[in-house]
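> Pasting a structure below so you can have a look.
The values are calculated or read from the model by the stated rules, or taken from the named source; none is laboratory data. Keep in mind that this is a model prediction, so the values were computed, not measured. Virtual Cβ from ideal backbone geometry, glycine too; neighbours counted across all protein chains shown. Note: areas computed on protein heavy atoms with side chains; ligands, DNA, RNA excluded. Shrake-Rupley method; radii C 1.70, N 1.55, O 1.52, S 1.80 Å.
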Amino acid sequence: GIIVITGGECFLLGDNLYELVKYINSKKLSCRIVTNGYWAKTRETAFDVLSKLKDAGLNEINFSTGDDHLEFVPIEYIKNGIIASMSLNIMTLVNVEYGINRTFDLRNITEDTDIKQYLFPNRKISPLGIVNGLWMPFTKESLQKIEEQLPFNTNKNIGRCENLFNTLTITPNHRMIACCGLPATYIRYLDLGNARTGNLKSLYDNQFNDFLKIWLYVEGPYKILLFISEKIGKENVKELSLNSHTCFYCACIFSNQIYMEIIKKSYQDVYSIVMFKYFILKRRKNEKK
Ligand code: SF4
């Protein structure tokens, strides 16, 4: 298993972050941290912080950057972090925001003279990954704003949601969330309950009584939107023509009362076929174990 410590910004936890990594390591779990790198002001600081984390048992670090992040954290900090983590042989991934009208993109990192050398690692160095992350809105307001800016849908993330049932999130206020999708914390439906007072196993198991979660797992939110469009007409489901992240389509479903009503009213049309596919997926998964 892997525990991912993310945020907000998890380095704000201060010394508790080291304790947390140590604890995860003591449970023989792998640990990844996701950060904006604001703490890596110099190469020395970055090296000191990451050495301490590596000693505590950190396996992987992900740095987030791009136009929105760069407003607050200069790219030099990210570079300090990358160079330090590579020299410590920590698995490193840089996630660059992706979207239309962005000035900073993947090439600003891959073609950087200080970073280039790590992209063709020899066997002694952990690999450095640099990927594009489709930027996701976090709130209902930003969801509406982003809908106006998204390009026409040419490359759809129409797959199923493999995150559900395989990943759980615990928020700082002790809520257990059914996935780690970026909009998950403001989709109330994905809130499984209080992780402090509830029984963790029961909170997890209860999800399987919920057909919509199984449907998301089997078909994914885009196909659910297609199903809705069959009921109310494609012209009334505008998200279908927008190119975005799988979780964007999910957030659109849960923030739209009309869509939710249609699901409630008509889910039985697909119940048997979805459950059948679910049991096949489950059987394949068990065979792989
Ligand atoms: S698609 Fe929905 S359920 Fe799946 S990870 Fe994204 S927000 Fe979570």
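> Expressed in nm to one decimal, what extension gain is obtained for the pair Ile232 and Asn101 from 0.36 nm per residue of sequence separation less their Cα-Cα distance?
Residue separation times 0.36 nm, minus the Cα-Cα distance, leaves 43.9 nm.
> Further question: Apply the Debye scattering formula to the range 2-135, with a single equal point scatterer on each alpha-carbon and no solvent, then give log10 I(q)/I(0) at q = 0.15, 0.16, 0.19, 0.22 Å⁻¹.
Scattering profile of the range 2-135, log10 relative to I(0): -0.68, -0.78, -1.09, -1.42.
> For the chain, with all protein chains present and a 1.4 Å probe, just round the carbon and sulfur fraction of the accessible area to a whole percent.
Details: 8600 of 16430 Å².
Here it works out to 52 percent.
> Once the piece of chain linking Lys116 and Lys22 is laid out straight, how much longer is it, given 0.36 nm per residue of separation minus the C-alpha distance between them?
On the way: separation 94, 0.36 × 94 = 33.84 nm, distance 3.19 nm.
This chain segment gains 30.7 nm when fully extended.
> Also, I was wondering about something else. Which shape class applies to the range 137-289: rounded if a/c is under 1.5, otherwise prolate when a/b exceeds b/c and oblate if not, where a ≥ b ≥ c are the square roots of the Cα gyration tensor eigenvalues? Write out the running numbers ahead of the final one.
Values: a/c = 1.72, a/b = 1.24, b/c = 1.39.
Judged from the Cα gyration tensor, the range 137-289 comes out oblate (a/c at least 1.5, b/c at or above a/b).
> By per-residue mean of other Cβ atoms within 10 Å, what is the highest-first order of 173-179, 243-249? Numbers along the way, then the final one.
Numbers: 173-179: 18.6, 243-249: 22.0.
Highest mean packing first, the order is 243-249, 173-179.
> Can you give the Rg/Rh ratio of the range 32-104, where Rg is from the C-alpha atoms and Rh is the Kirkwood radius? Kindly include the intermediate steps, with their values, before the conclusion.
Details: Rg = 12.2 Å, Rh = 12.3 Å.
Value, to two decimals: 0.99.
> So what's the angle, to the nearest 10 degrees on a 0 to 90 scale, between helix 268-288 and the longest Cα principal axis of the chain?
40 degrees
> Kindly express, to the nearest 10 degrees and within the range 0 to 90, the angle between helix 15-26's C-alpha long axis and the longest C-alpha principal axis of the chain.
Helix 15-26 sits roughly 70 degrees off the main axis of the chain.
> Within the set of other residues whose C-beta is less than 11 Å from the C-beta of Tyr77, count the net charge using Lys and Arg as +1 and Asp and Glu as -1. Write down the numbers at each step before the final one.
Values: positive: Lys41, Arg43, Lys79; negative: Glu76.
Residues near Tyr77 contribute +2 overall.
> At q = 0.08, 0.09, 0.12 Å⁻¹, what is the log10 ratio I(q)/I(0) for the chain, with the Debye formula run over Cα points and no solvent?
-0.40, -0.51, -0.90
> Something else: According to a simple spin-label model (label point 7 Å from Cα along Cα-to-Cβ), what is the distance in nm between Tyr189 and Phe208?
2.2 nm
> So between Gln257 and Asn173, what do we pick up on full extension, going 0.36 nm a residue minus the alpha carbon distance?
Values: separation 84, 0.36 × 84 = 30.24 nm, distance 2.66 nm.
Length gained between Gln257 and Asn173: 27.6 nm.
> For the chain, what does the helix formula give at 222 nm: sum of -39500 (n - 2.57) over DSSP H segments with n ≥ 4, over the residue count, nearest 500 deg cm²/dmol? Show your work: numbers first, answer last.
Working: 13 runs with 129 residues, N = 289.
That comes out to -13000 deg cm²/dmol.
> Mind ordering 276-285, 228-237 by average Cβ neighbours within 10 Å, highest first?
Working: 276-285: 12.9, 228-237: 15.0.
Ranking, from highest mean packing down: 228-237, 276-285.
> Taking the chain as the reference, fit the longest principal axis to its C-alpha atoms, fit the long axis of helix 75-87 to the helix C-alpha atoms, and give the angle between the two in degrees, 0 to 90, nearest 10.
Approximately 80 degrees, to the nearest 10.
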